[in-house]
Amino acid sequence: MANTSPTAIKALLKRYGLRPKKGLGQHFLWQSQVVERIAAAAELDKDDVVLEVGPGLGILTAALARQAGMVIAVELDSALIPLLREVLQDHDNIRLVEGDALKVDFDELLKKFVPGFTGPCKVVGNLPYYITSPLLMGLLYGKFRKELFVFMVQKEVAQRIAADPGGKEYGSLSVAVQYQAEPEFLFQVSPHAFFPPPEVSSAVVKFTTRQQPAVSVKDEGVFFEVVRAAFRYRRKTLRNALREGGLWHPQDEDIFALSGIIPERRGETLDLEEFSRLADMLVQIKERKEE
């Protein structure tokens, strides 16, 4: 791959009359050693099918294709498709798809390009900072079968994903990811590994999907309502946060005594099991009211 320096990338973009689009958060990864570390983290072999989100200029796409059986790369910017076709023309196991990863039906893509494939697949990508959380949730909770994710994200987001209870990084994103997967902060990436360099540092995170959610809950909807309320009002005690969120009223049964959780605690101190106990108690109280 020739486009492994800022100078080469500038020349390639110029040949196609292109410039990085700020509105799409385009910062093109060029450092080959970072690319190889990302590809290695995905633990690929020729039986693997990879979904890549945001191939950019194709340097990571090519690295994935050298190791995997098939790479399905979804690119939002239609102007990059001709460039990608040229850069990746030597790889017959890459399928380029023009589309919005927030809206694409990945299950249908897998059926279309890998007939008979029953999964699970692996998902790799350099996620645009401005849509990281919704894109991450869409992929993690999507219906298609997946076993492993390796993502480049803003360093701050990577820290939030892998955070343990008790710190300022721990929040609803931490819980949502850790409910479905086991995350691992792999390594930091300097802004100088990109063209143009972003204003913030990036990091690579890896998470393996769980066979079952981390905790068993009676109602996932209520579970995540409790989580969102706890962190929406994170400076308040749990008692006040759940009351502000409209989930609990003082005249109701004392869910804190029943679940063994001190109401003066704050949401950032609870682990997933404790959130599930609170949520399950709310469900039980609601069921008793309806009897």
Taking the stretch 243-270 and keeping residues in contact (Cβ under 8 Å) with a residue 40 or more places away in the chain and buried (at least 16 other Cβ atoms within 10 Å of the Cβ) leaves 267, 268, 270
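Just the residues that are touching a residue at least 60 places away in the same chain (Cβ under 8 Å) and not basic (Lys, Arg), please, taken from the stretch 115-130.
Within the stretch 115-130, 117, 119, 120, 121, 123, 124, 125, 126, 127, 128, 129, 130 qualify.
Each row is one residue, and each column tells you yes or no for (1) more than 25 Å from residue 138 (Cβ to Cβ); (2) in the same structural domain as residue 17 (by TED's automatic domain parsing); (3) modelled with pLDDT of 95 or more.
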position	(1), (2), (3)
84	no, yes, yes
89	yes, yes, yes
94	no, yes, yes
102	no, yes, no
107	no, yes, no
111	no, yes, no
124	no, yes, yes
127	no, yes, no
Considering each residue of the stretch 246-291, count those that are within 23 Å of residue 170 (Cβ to Cβ), in a helix (DSSP H, G or I) and among the small types (Gly, Ala, Ser), and give that number. 4
If a residue has to be closer than 13 Å to residue 73 by Cα, free of Cβ contacts under 8 Å to residues at least 40 places away in the same chain and hydrophobic (A, V, I, L, M, F, W, C) to count, how many in the stretch 87-109 make the cut? 4
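Does residue 114 qualify as being farther than 28 Å from residue 194 by Cβ and β-branched (Val, Ile, Thr)?
yes
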Look through the stretch 233-242, keep the residues that are without any contact (Cβ under 8 Å) to a residue 40 or more places away in the chain and surrounded by fewer than 20 Cβ atoms within 10 Å (Cβ to Cβ), and return whichever of them is nearest to residue 176 (Cα to Cα). 233
Which of (1) touching a helix residue (DSSP H, G or I) at 6+ places or on another chain (Cβ under 8 Å); (2) farther than 21 Å from residue 168 by Cα; (3) at pLDDT 95 or above does residue 230 not meet, given it meets every other one? (2)
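The values are calculated or read from the model by the stated rules, or taken from the named source; none is laboratory data. Because the structure is predicted, anything quoted here is derived from the model rather than measured. Backbone-built Cβ (ideal geometry, glycine too); neighbour counts: all protein chains shown.
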